[in-house]
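Take a look at the structure set out below.
Rule-based calculations on the coordinates, nothing more; no lab input. Note that the coordinates shown come from a computational prediction; the quantities given were computed from them, not determined experimentally. In this analysis, Cβ positions are derived from the backbone assuming ideal geometry, glycine residues included, and neighbour counts consider all displayed protein chains.
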Amino acid sequence: EIQSEMKRVRYRFQFRQVMKSTISTVLVVAALAVLAATIFLPVLRVTGTSMQSSFNSGDILVAWKWTEYEPGDVCCFYYNNKMIIKRVIALGGDIVEIDEDGRVYVNNLMLEEPYVRQYDYGLCDLEFPYEVPFDTLFVLGDNRTSSVDSRSQEFGCIQTADVLGKIFLRVWPANSFEYYGF
């Protein structure tokens, strides 16, 4: 009976050690996952219609912390305490013009924008030609009729330091899973 009781006590001790180790490992992995998602891989849910044709309300996207952006990239940033996504159209130093039909020209070259379904001048109060200030991005929504973006002086250009990241992955809905690359 003493041998049996010693085995039982030893087993309980080993079981507690394994449980402590497992719980500690799970907590560390969970904390690292939250830290990575918060710092390196912001996850966001699309609301609204300003990026329609490319993204729909309810889509879940993953961004990657990035420091260099090019025209055509979709980036996310905070504006009025909301995470916003818009498409980069021009970089600091570029000259932007938008004609009355809503066609966009950067440095006197008309942009090919296959992601835009309907061109629209939108809520624009800028004087053209407009020079994008250095260290900023001129951003537009893909749904030009409903997007409030850099065409409005109130919204303006986005400081590159304020950009959280570049969208590289759509994870939801599952049938629309898509990788956008870097």
Q) Which distance in nm do the two modelled labels at Thr22 and Tyr78 give, with both placed 7 Å along the Cα-to-Cβ direction? A) 3.9 nm
(Q) If I stretch the segment between Tyr11 and Val29 completely, what's the gain in nm (0.36 nm per residue apart, minus their alpha carbon distance), one decimal? (A) 3.8 nm
Q: Using packing as a proxy for protection, rank 53-65, 125-137, 100-112, 13-25 so that the peptide with the highest average count of other Cβ atoms within 10 Å comes first.
A: 53-65, 125-137, 100-112, 13-25
Q | Spin-label model distance (nm) - Thr145 vs Asp125, 7 Å beyond Cα toward Cβ | A | 2.3 nm
Q. From the Cα gyration tensor of the range 86-132, with a ≥ b ≥ c the square roots of its eigenvalues, which class applies: rounded if a/c is under 1.5, or else prolate if a/b is larger than b/c, or else oblate?
A. oblate
Q. What are the extents of the Cα atoms of the range 114-164 along their three principal axes, listed from largest to smallest and rounded to whole Å?
A. 30, 26, 19
**Q.** Computed [θ] at 222 nm, helices only, for the chain once each DSSP H run of length n ≥ 4 contributes -39500 (n - 2.57)
**A.** -7500 deg cm²/dmol
Q) Taking a quarter of the surface of the convex hull around the Cα atoms of the chain, what do you get in nm²? A) 14.1 nm²
Q. Can you give the charge dipole size of the chain about its Cα centre, rounded to the nearest 20 debye, using +1 on the beta carbon of Lys and Arg and -1 on the beta carbon of Asp and Glu?
A. 2020 debye
Q) Which angle from 0 to 90°, rounded to the nearest 10, does the C-alpha axis of helix 2-39 make with the longest principal axis of the chain? A) 10 degrees
